[in-house]
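Asks: Here you go, one structure.
The values are calculated or read from the model by the stated rules, or taken from the named source; none is laboratory data. These figures come from a predicted structure and were not determined experimentally. Neighbour counts are summed over all protein chains in view; Cβ atoms, including those assigned to glycine, are modelled from backbone coordinates with ideal geometry. The protein model used for the area step is the full one, side chains on, heavy atoms only, and it has no ligands, DNA or RNA in it. Shrake-Rupley method; radii C 1.70, N 1.55, O 1.52, S 1.80 Å.
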Amino acid sequence: MGVAEDSEPPLKRVKGPVEESKGLPEDHSTTKSVSCSLGDQMARPLTSQGDGETIGSQGVIRKAEFIKIITRALYSLGYDKSGALLEEESGIPLHSSVVNLFMGQVTNGKWDDSVATLRTIGLSDEIMKSASFLILEQKFLELLKMEKVAAALDTLRNEIVPLHVNLDRVHKLASCIISPSQCIRLGISGQDTEGTKSGSKILEKLQKLLPAAIMIPEKRLEHLVERALDVQREACVFHNTSDSDLSLYSDHQCGKNQIPSQTLQILEAHKNEVWFVQFSHNGKYLGSSSKDHSAIIWEVKEDGQVLLKHTLCGHQKPVLIVSWSPDDSQILTCGQDEVIRRWDVSSGKCLHVYEKTGVGLISCGWFPDGRGIFAGMTDKSICLWDLDGRDLECWKGQRTLRISDMAITDDGKRIISVCREYAILLLDREAKFDRLIEEVDMITSFSLSKDNKFLLVNLMNQEIHLWSIEGDPKLISEYKGHKRTRFVIRSCFGGLDQSFIASGSEDSQVYIWHRCSGELLLALPGHSGAVNCVSWNPGNLHMLASASDDGTIRIWGLDRFNLKGGEQSNGSNHQCNGRS
């Protein structure tokens, strides 16, 4: 490996400066004898129908609420007989008789009766007025539809306006009298004023407005269960399975076996150090580049096997990186201070060579629409070309460094590049406005998240920083533990919802952290040289690739995949059921 002067930042192959819930006691009494006066007894609120009873080991679940929510779920699922039976057997009705009367009146379109009943339920003045407005608005619209304009106007003037709520909406309703077409502009269709349908829709709106204790929300039980699953999932640091694997029968907890940690294959087709590796967007291919002046396209088979598809030759210098087109049909390769080549993935043929006289190219990427490419130059400029190599845009000045990763957001509006040793440029192409991420140490590489909201930045001081780049850049998390003293080491997002951070390391291991907590989960041995780059397969949550100075690429998978050892016929890779 070549060594440069200490004043230079770290190039790939250029050395830089060395550097349990708490429950109630088992023996406790639920009742106690007290002497009190008759007046004390009369002042105490009555507990009926189990309102004061609790269930569960912690005594925080009110029995009446629990039963009502189950009853509501039974009715929502269409089990009306079971719901009615539960109400009868428990003695706990889903709703009070007054609320049941009110709901029936609304459903049947008895607007005046329902407003009168609403006043007896015991609501706050604000809620009662808002609920009355919904009901009376429906009454007004139905009168208009029946062409009873005088009655509609009377309802508006003497019933709706005195409520003194939603005045803007009142003005719009008034305009419906003058111009019936205004109802359409308000989003009110004829179907909204048809009998039972209109009553049911109003009832749905009222359910969101009225207190839950009065009218149990639709699908409340489902919501509670989903929240419980969310809490369990968020607390699981190894969570890397689809939601379909979650079960209600037991608490969810993934083990380390959900993280790719077992070497399944060792790919050995490169003849020198492997500097870069990246899965295609669909996860069906893997691209790698090497100091041996070549790049390789690997194909990921349905059974998880990774096989050599094409070796891409033509560069006269080491290949720094590869970049997949948005549709994965083409791939770019960037030689070190040399040229960029565009290849057809299917045939392996070189389609175009991009170069600029007197200037070397050091990084590259694709337009989001796949109709052009961008490149970082050794003269610190950024250029955009169409596929035929015609210049589209160019930014001069210190827009990039001699060592530079680059990225462009999916909307094509922002180009991201390392512009100074300690800073990353967020260049807004439309607003012509620059933002900077300023770091505490020299930046060696970065990676953009799939949702374009976060940037993962590798630093010379053996730290990886996670930045939010929505609005003003903000540092979110830091990850430590891996080793980096001389070379460019790359990291990546990965796993379900990109919940993990993986990185190479100069100690020959792959490191994996939990993205939110920053906890170091695994350090994977196996390589015999520095691990330069890692890539997590976006199409397979349980597949990770790592590229190393030992000239190999390792494919990592789950422990349960105990593949039998055996040599592959093409001699380019072999399977492995261990870590070495």
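Asks: Below 14 angstrom from the Cβ of Ser329, what's the summed charge of the other residues (Lys, Arg +1; Asp, Glu -1)?
Replies: Every neighbour counted, the sum reads 0.
Asks: Could you give the length gained on full extension between Ile55 and Asp303, defined as 0.36 nm per residue of separation minus the Cα-Cα distance, in nm?
Replies: 84.3 nm
Asks: Sticking with this structure for a sec: Can you list the HN-Hα couplings for region 446-457, worked out from phi with the Karplus curve (6.51, -1.76, 1.60; θ = phi - 60°), rounded to whole Hz and with x for Gly and Pro?
Replies: 8, 9, 9, 5, 4, 8, 6, 9, 9, 10, 9, 10
Asks: Short version: ³J(HN,Hα) in whole Hz for each residue of region 323-329, in order, from phi by Karplus 6.51 cos²θ - 1.76 cosθ + 1.60 (θ = phi - 60°), x for Gly and Pro, what are they?
Replies: 9, 7, 5, x, 9, 6, 8
Asks: For region 296-344, what is the accessible area per residue in Å², given a 1.4 Å probe and the full set of protein chains?
Replies: On a per-residue basis, region 296-344 sits at 36 Å².
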